[in-house]
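Just below is one structure, and these are the notes that go with it.
The values are calculated or read from the model by the stated rules, or taken from the named source; none is laboratory data. Quick caveat: nothing in here was measured; it's all calculated off a predicted structure. Using ideal geometry, Cβ is built from the backbone for each residue, glycine included, and neighbour counts are taken over all protein chains shown.
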Amino acid sequence: MTTTAPAASSTSSRRRLALALIAAAQFMVIMDTSIIGVALPKMQADLGFDPQDLSWVFNAYVVAFGGLLLLGGRLSDLFGARRIFITGWVVLVVGSLVAGLAEGVAVELTGRAIQGAGSALIAPAALTLLFQVFGGTSEFPKALALYGAAAPAGGTAGVFLGGVLTEYASWPWVFFINLPVAAVVLLLTRSVMPAGMTGRGSLDLAGATTATLGLGAVVFAIVRAPEAGWTSGSTLLAGLGGLALLGVFVALQAKLRQPLMRLGIFRAPNLAAANVAQLLLGAAWIPMFFFVNLYLQQILGLGAFASGAALLPLTITIMIGMVAVAPKLIARFGPNAMTVSGLATLAVGLVWLSFIDANGSFVVDILPASLVTAAGMAMAFIPSLGTALSSAAPEEGGLAAGIVNTSYQIGSALGLAAMTAVAAAFGADQIGNPSDLTDGFSAALLGAAGIAAVGAVLASVLLKKPADSPAANSTDSEPIAA
């Protein structure tokens, strides 16, 4: 008896530290999508970006991230999640150094793509480690909620930290901030994370290549279409070429004995539906962040620090909602109902945001509506994520994690690209004209609301009962002894 309590205490401490590292990983990979937002004007001036190409500072990261997530999940299953988690942080450090030291557009975008590749290794490995450490225990619902809260917290913290670093240091520090965090994670990971299972098989590099290039070409076509024309040769070539590559990817997955993404996994109940919800959630949420931040700076005239601070209430609302409220609502109403109602609430908040005015104010035009969107995000994210992850067999945990992360990131990239095109079509390309800019931002926010509404409808139709939730399944379980 005298030795059991210290051993149990030590195990509990390792689990808490492991959760902290996993949450930090989720926080950082999402923060890196948003931290550059406030710094974009200064990066444009220093590096010589054309206005229409500036969104590629975001898209280079997200396309590499989303395109390589399946490969990251497969690598986790083959070589062990801990090993891939560590490798991903090393790659992220390299990309951050390249991006922070860049003196030209090409090098900057290369650094951002390397960052995205590192995050594509980190994210599915982190989710797999979360299941290995907490799966089947009574601690799992809270661990999943904290992990989920780290994503929107990272998104908003990125805006805030980007403002602080850009205003009081310089824009390269939005990349260098990764270095001390990576050092701490790399120092502690081996001592607190399980080595995990390794598997047998080969890598589908052709699948990873076609998925990444196909996604990149489709995003490129959508981003460039407002300038080149939707029926121009370059737009059609990029768009159709990208779709063809994605078709080749699917064909390869159906043909190969050891594909990057086993298509049969989607026969698992609710896995496909939950991933559709995650894709549309990302497609609605990320454009909201992008255009609200532009509105705060370009229309309301807030500085980098102030525009970042303005979104802190939204972050706090999401974190409270995910950690304290969402698990209780899921337990009472079930994950299906919460996914649908969350997406519907997000749509309502985005419609409200679309009423922004060129002569508006933060308190009237942004604050109340942004809190409604935060409530919607908090309600939808956790149950759809949990449903997607719990639908797969344990030996395909890395693949399931890669798929759900891919869905969210692909949705983010395509949603931002599409809403950027919508904004430009309605006047957001008229720099210096507040009324036209606002009309463009408003159209993009209304388009994002439509995406969220479609997500709510599809979730209500596609999610079937019973939809076993990790939270529901594990609340009565006892922790696994270490």
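Out of region 25-57, which residues are among the aromatic types (Phe, Trp, Tyr) and either surrounded by 24 or more Cβ atoms within 10 Å (Cβ to Cβ) or in contact (Cβ under 8 Å) with a residue 60 or more places away in the chain (or both)? Spell out how you get there, then give the answer.
Taking region 25-57 first, the residues among the aromatic types (Phe, Trp, Tyr) are 27, 49, 56.
Scanning region 25-57 gives Phe27, Trp56.
Residue by residue through region 77-124, note down the ones that are small (Gly, Ala, Ser), under 25 Å from Arg257 (Cα atoms) and over 19 Å from the mean Cα position of the chain (by Cα).
Gly80, Ala81
Residues in region 69-88 that are touching a Gly at 6+ places or on another chain (Cβ under 7 Å) and hydrophobic (A, V, I, L, M, F, W, C): how many?
Here is the first cut: in region 69-88, the residues touching a Gly at 6+ places or on another chain (Cβ under 7 Å) are 69-70, 72-74, 76-78, 80-82, 84, 88.
Now drop any that are not hydrophobic (A, V, I, L, M, F, W, C), which leaves 69-70, 78, 81, 84.
Final tally of qualifying residues: 5.
Name the one entry in Ala428, Ala482, Ala393, Ala413 that is of a type outside the set (D, E, K, R), at pLDDT below 80 and not assigned by TED's automatic domain parsing to the domain that holds Thr315. Working first, answer last.
Working: Ala428 fails: not assigned by TED's automatic domain parsing to the domain that holds Thr315; Ala393 fails: not assigned by TED's automatic domain parsing to the domain that holds Thr315; Ala413 fails: not assigned by TED's automatic domain parsing to the domain that holds Thr315.
On inspection, the qualifying residue turns out to be Ala482.
Looking at Leu252, Leu279 in this structure, which one is assigned to a helix (DSSP H, G or I) and either closer than 23 Å to Leu416 by Cβ or in contact with a His (Cβ under 7 Å, 6 or more places away or on another chain) (or both)? Before the answer, list the steps.
On the way: Leu252 fails: either closer than 23 Å to Leu416 by Cβ or in contact with a His (Cβ under 7 Å, 6 or more places away or on another chain) (or both).
It is Leu279.
Among the numbered conditions (1) surrounded by 18 or more Cβ atoms within 10 Å (Cβ to Cβ); (2) within 30 Å of Lys42 (Cβ to Cβ), tell me where Thr189 comes up short.
Tallying (1) surrounded by 18 or more Cβ atoms within 10 Å (Cβ to Cβ); (2) within 30 Å of Lys42 (Cβ to Cβ), Thr189 fails exactly one: (2).
Okay, residues lined up against (1) in a helix (DSSP H, G or I); (2) under 17 Å from Ala456 (Cα atoms); (3) in the same structural domain as Ala452 (by TED's automatic domain parsing):
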{"residue": "Ile318", "(1), (2), (3)": "yes, no, yes"}
{"residue": "Ala331", "(1), (2), (3)": "yes, no, yes"}
{"residue": "Val340", "(1), (2), (3)": "yes, yes, yes"}
{"residue": "Ala358", "(1), (2), (3)": "no, no, yes"}
{"residue": "Asp365", "(1), (2), (3)": "yes, no, yes"}
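When the residues of region 338-371 are narrowed to those that are under 20 Å from the mean Cα position of the chain (by Cα) and among the hydrophobic types (A, V, I, L, M, F, W, C), which ends up surrounded by the most Cβ atoms within 10 Å (Cβ to Cβ)? Show your work before the answer.
Within region 338-371, the subset under 20 Å from the mean Cα position of the chain (by Cα) is 338-340, 342-347, 349-350, 370-371.
Those still in the list that are among the hydrophobic types (A, V, I, L, M, F, W, C) too: 338, 340, 343-344, 346-347, 350, 371.
Details: Met338: 27, Val340: 24, Leu343: 29, Ala344: 20, Leu346: 32, Ala347: 24, Leu350: 29, Leu371: 18.
The selected residue is Leu346.
Among the candidates Ala211, Ala217, Ala228, single out the residue that is outside the structural domain of Phe289 (by TED's automatic domain parsing), more than 19 Å from the chain's Cα centre (by Cα) and touching a residue at least 24 places away in the same chain (Cβ under 8 Å).
Numbers: Ala211 fails: more than 19 Å from the chain's Cα centre (by Cα); Ala228 fails: touching a residue at least 24 places away in the same chain (Cβ under 8 Å).
Sole residue among the options that is outside the structural domain of Phe289 (by TED's automatic domain parsing), more than 19 Å from the chain's Cα centre (by Cα) and touching a residue at least 24 places away in the same chain (Cβ under 8 Å): Ala217.
Out of Ala99, Ala64, Ala60, I need the residue that is at pLDDT 90 or above, within 30 Å of Ala423 (Cα to Cα) and surrounded by 22 or more Cβ atoms within 10 Å (Cβ to Cβ). Which one? Lay out the reasoning, then the answer.
Values: Ala64 fails: at pLDDT 90 or above; Ala60 fails: at pLDDT 90 or above.
That would be Ala99, the only listed residue that is at pLDDT 90 or above, within 30 Å of Ala423 (Cα to Cα) and surrounded by 22 or more Cβ atoms within 10 Å (Cβ to Cβ).
Is it the case that Val133 is more than 19 Å from the chain's Cα centre (by Cα), closer than 17 Å to Tyr61 by Cβ and not hydroxyl-bearing (Ser, Thr, Tyr)?
On the way: more than 19 Å from the chain's Cα centre (by Cα): yes; closer than 17 Å to Tyr61 by Cβ: no; not hydroxyl-bearing (Ser, Thr, Tyr): yes.
Against the criterion (more than 19 Å from the chain's Cα centre (by Cα), closer than 17 Å to Tyr61 by Cβ and not hydroxyl-bearing (Ser, Thr, Tyr)), Val133 does not qualify.
What tally of residues in region 210-245 results from selecting those that are buried (at least 18 other Cβ atoms within 10 Å of the Cβ) and not small (Gly, Ala, Ser)? Even if it seems obvious, please write down each step before you answer.
Applying the first criterion (buried (at least 18 other Cβ atoms within 10 Å of the Cβ)) to region 210-245 yields 210-226, 235, 238-239, 242, 245.
Retained after the next criterion (residues that are not small (Gly, Ala, Ser)): 210, 212-213, 215, 218-220, 222-224, 226, 235, 245.
Final tally of qualifying residues: 13.
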